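The next block holds one structure in the form of C-alpha cells; read it before the comments.
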Amino acid sequence: MKKFFAYFIPILLAYAVGFLGSYIQGEALVEWYPFLVKSPYSPPAIAFPIAWSILYLLIGISAGTMLAKGDVSVLRLWILQLLLNFLWSVMFFALRSPFLGLLCILALDVAVFAYIVYTAGRRPAAAWLFVPYMLWLIFATYLNGYIYINNQKSRSAVAMTISSPKFSLPILPYSADALEPIMSKETIDYHYGKHFKTYIDNTNRLIAGTPYEAMTLEEIVENSDGVLFNNAAQSLNHQIYFEGITPVQKVIPERLRKRIIHDFGSIDNFNKQFIDTATGLFGSGWVWLAEDSNGKLSILPTKDADNPIRHELNPLMCIDVWEHAYYLDYKNRRADFVKEYMNLIDWDKALARSKYN
Ligand code: MN
C-alpha cells in the first residue's frame, strides 16, 4: 500500500501541475500565442499535450522509484523542478513574456539535469526515466528562445507598422448613425470600429517582415491560409461590405438590372433567392452576388472568412451574416436583418466592382 502511494502521489502532483498550467494558458493560447513568430521546427499544437502527458507519467514514476525504496533525499529537487515547470506557464503564458519564460526554462533545465545526476548514482532507473524529459526540455528551450529572439524583431516591426501600416481602415463614406434605424450607430461602432479594425490590425501584424508585405489584399487572400487567410479575407470582405452600403436609396443601374433579370429571371426572383440564402446560411459566413469570367451572375454563400475570389468569381456585393453584424439591432432575428439590409445596398458600387460595365 505504501508502495502504491509512493508512485501515485508524485504522478498525481505532476498531472495537477500540468492541468493548472494548461488552465493558465487559456486565453493566451487563443489571443496571443497564435500570432507569435515561431520556429519552423515547432511541432503541431496537438503534440504538446501528448508529449506532456507521457512525460508527467515518467517523471512521476521516477520519483516513485526513489520513494518506494524509502529514499526521500531527492524529493526537494523533484518538487523544485515541478515548481519551475509551473512557473514557466505563468511567465510565458500568463505574463506573456517569452523572456521570463526563457529564464524559467533555463533554470528548469539545470534543476532537471541536477536531478538526473543526483539520482544516477543512487537509482539509475529514476535517472533514465528523466532522460526523455530532459531531451524535450532542451527542445522546448530552443522553441522558447526562438520565440524570444524573433518576436523582439517583430515587436519593432509591429511598432513600425503602427506608424505606417500597409493596410488601413477605410474611411466610411457615411456617418456612423446614417444607416439608422436599419443599422444602428452602436452596430457600426462595434462592427466597423472594432471587428473590422481588428482584422486589419492582425493582417498588418502577420505580414510584417514576410513576402506577403509586397502583395495587395486580394493577392494575400488568394495565396494565404490559416490565421493570415482568416484575417486578410475578413479585411477584404468587410471592405466590400462597408463600401457597398449607403443611407441613400439607390435604384439598380440599368445595365446591371438587365443582367440580373437575364440570370435570375426577375429582380423579385433575385431578391427572394438572395434573402433566402442569407437567412438560411448555417453558422457564420457571407452571401455574395458574384460574376464569373463570362460575366454570368450568381448568388454564392460562403462559410466563415471565405471570399468569392477563392472560387474564381468576382464579388460585386455582399451581406455579412456573422452574428456580430446584426445581433445588437436584431438579436436572433437574422431574417429581419437580411430583409432590411436589402434597402442599404449601394447598387452603383456593385456595378462599379463588375468587370463587365
Ligand atoms: Mn463582420
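The values are calculated or read from the model by the stated rules, or taken from the named source; none is laboratory data. These figures come from a predicted structure and were not determined experimentally. Backbone-built Cβ (ideal geometry, glycine too); neighbour counts: all protein chains shown.
Counting only residues that are surrounded by 21 or more Cβ atoms within 10 Å (Cβ to Cβ) and either at pLDDT 95 or above or touching a Phe, Trp or Tyr at 6+ places or on another chain (Cβ under 7 Å) (or both), how many does region 207-228 have?
Adding up the residues that qualify gives 2.
Tell me, which residue of region 320-333 that is surrounded by 19 or more Cβ atoms within 10 Å (Cβ to Cβ) and of a type outside the set (Phe, Trp, Tyr) is farthest from ASP189 (Cα to Cα)?
Selected residue: VAL321.
Can you tell me how many residues in region 192-216 are within 16 Å of the ligand (Cβ to nearest atom) and of a type outside the set (Phe, Trp, Tyr)?
Qualifying residue count, region 192-216: 9.
Looking only at region 322-339, filter to residues that are free of Cβ contacts under 8 Å to residues at least 60 places away in the same chain and among the acidic types (Asp, Glu); which one of those is nearest to the ligand (Cβ to nearest atom)?
GLU323
Go through (1) in a helix (DSSP H, G or I); (2) at pLDDT 90 or above; (3) out of contact with any Leu (no Cβ under 9 Å at 6 or more places or on another chain); (4) not assigned by TED's automatic domain parsing to the domain that holds ALA305 for TYR148 and report which single condition fails.
Failed condition: (3).
For region 99-113: of the residues being farther than 20 Å from ILE147 by Cβ and in contact with a helix residue (DSSP H, G or I) (Cβ under 6 Å, 6 or more places away or on another chain), which is surrounded by the fewest Cβ atoms within 10 Å (Cβ to Cβ)?
Once the filter is applied, the top-ranked residue is ALA111.
Could you please let me know if LYS349 is under 20 Å from SER235 (Cβ atoms) and of a type in the set (D, E, K, R)? It would help to see each step written out before you state the result.
Working: under 20 Å from SER235 (Cβ atoms): yes; of a type in the set (D, E, K, R): yes.
When the stated conditions are applied, LYS349 passes them.
Please report, ordered by residue number, the helices (runs of 4 or more DSSP H) entirely within region 190-296 with at least 3 residues that are in contact (Cβ under 8 Å) with a residue 40 or more places away in the chain and within 22 Å of ILE309 (Cα to Cα).
Counting at least 3 such residues, we get 197-207, 217-223, 226-243, 267-280.
Could you please find all residues in region 316-344 being under 23 Å from ARG257 (Cα atoms) and out of contact with any Lys or Arg (no Cβ under 7 Å at 6 or more places or on another chain)?
Matches in region 316-344: MET317, CYS318, ILE319, ASP320, VAL338, LYS339, GLU340, TYR341, MET342, ASN343, LEU344.
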